[in-house]
1. Provide the FRET efficiency to the nearest 0.05 for the R121-A32 pair, computing r from the beta carbons and using R0 = 25 Å.
2. Beyond 17 Å, what share of the Cα-Cα pairs of the stretch 46-165 remains, rounded to the nearest whole percent?
3. Tell me the angle of helix 49-60 to the major Cα principal axis of the chain, expressed in degrees between 0 and 90 and rounded to the nearest ten.
4. Which loop-located GluC sites (Glu not before Pro) does the stretch 117-183 contain, where loop means any DSSP state but H, G, I, E or B and the Cβ has at most 11 other Cβ atoms within 10 Å?
5. Let me know the shape class of the stretch 99-220, please: from the alpha-carbon gyration tensor, a ≥ b ≥ c as square roots of the eigenvalues, rounded when a/c is under 1.5, otherwise prolate if a/b is greater than b/c, or oblate.
6. Once both axes come from the Cα atoms, what is the angle between helix 112-122 and the longest principal axis of the chain, in degrees from 0 to 90, rounded to 10?
7. Let me check I've understood the local charge: for L301, count other residues with C-beta under 13 angstrom from its C-beta, Lys and Arg +1, Asp and Glu -1. What total comes out?
8. Determine, for L176, L10, the number of other Cβ atoms within 10 Å of each Cβ, and report the residues in order from fewest to most.
Amino acid sequence: MTTSTATKRLVVAINPTASFGKGREVGPAAVAELRRLGHEVVSLSESDFPSLVDAATRALADGPDALVVVGGDGMVNLGVNLVAETATPLGIIPSGTGNDMARGLGIPIGDTAEAVRVVERALTREPRVIDAGRVTSAAGVRWFACVLSAGFDSVVTERANRMRRPRGRARYTIALLLELARLRPVVYRITVDGVEMQERALLACVGNNVSFGGGMRVTPDAVLDDGLLDALVVRPLSRIQFLRIFPRVFRGEHITDPRVSIVRGRRIGIEADGMVAYGDGERFGPLPVDIECVPGALRVLA
Ligand SMILES: Nc1ncnc2c1ncn2[C@@H]1O[C@H](COP(=O)(O)OP(=O)(O)OP(=O)(O)O)[C@@H](O)[C@H]1O
């Protein structure tokens, strides 16, 4: 079959469970719209994440023009790990709870047709090139594009993932309150471009993107294509102080607090006993981690 130059071969990987199943119709709608626009679409949806990774890996072996993920930042992470340092661009149709990578790239959230139009327009020109973080740990090598976190928020996520109820975002709120009762700093050893610091802290995050967790602007000055990552450290706070500073994170105003610091660098190591790292909301495994900013590792349709 001959195809016009405007026709692209696309692999669309869908998470049907994103946003607790609320975004179930987004994947099929995006695929229908991309086909209506004349593209050849291989649509992938599986019963679990590892099966989807396998299916997408096989589909990418055929050399499509782009990989498009439908879901939240966890799906972006799946895509990033498949296409980092390759010529294949990544498109994002947001349907998750956080959608922070879409937010950072200016992709519309909650409007599938508009998000498809962004992909469609981007397919007609050179993709945007951004950095990605390459993380090396005992678990192997894994990439992130948004934020890697290893602190109180990871502890909350670990707790929420162990809980069966309630469903939906309330689970995170309950996990947060339960863990807040046990809030306690740990000793971090953080090395930024060879300079080591050791301090007691509640939180350590490394941002390529501005926000994570649904608009929490943890590293508000992070730039996606500056070749650098922003490392945020939150030193000990009381529970009350923590609850006061928390809402300010949504506006990125926490960084004026003297207990909060951000250091920018190309290579960042984080060590702390008993802490687990999450990248783009996905469990990467226990610290230590060695993170390298790889400039221009990703081509994005945005
Ligand atoms: N059938 C499935 N296909 C893909 N991912 C799945 C599936 N079932 C469960 N998941 C899980 O969904 C997570 C990714 O979710 P995603 O980020 O796309 O949406 P989300 O609603 O924003 O999720 P979360 O807020 O929990 O990160 C992965 O951790 C993955 O293990």
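1. Working: r = 18 Å, r/R0 = 0.73.
After rounding, the FRET efficiency stands at 0.85.
2. On the way: 4446 of 7140 pairs.
Here the tail beyond 17 Å accounts for 62 percent of pairs.
3. Once rounded, one gets 40 degrees.
4. Details: sites: E120, E158, E179; in loops: none.
Those that pass, being in a loop and sparsely packed, number zero.
5. Values: a/c = 2.50, a/b = 1.34, b/c = 1.87.
Cα axes put the stretch 99-220 in the oblate bin.
6. Value to nearest ten degrees: 80.
7. On the way: positive: K8, R117, R121, R125, R128, R299; negative: D65, E120, E126.
My count for the surroundings of L301 gives +3.
8. Working: L176 18, L10 24.
Fewest-to-most ranking of L176, L10: L176, L10.
Read-outs: derived from the displayed coordinates by stated rules, not from any lab. As the structure is a computational prediction, the values presented were derived from the model and not from experiment. In this analysis, Cβ positions are derived from the backbone assuming ideal geometry, glycine residues included, and neighbour counts consider all displayed protein chains.
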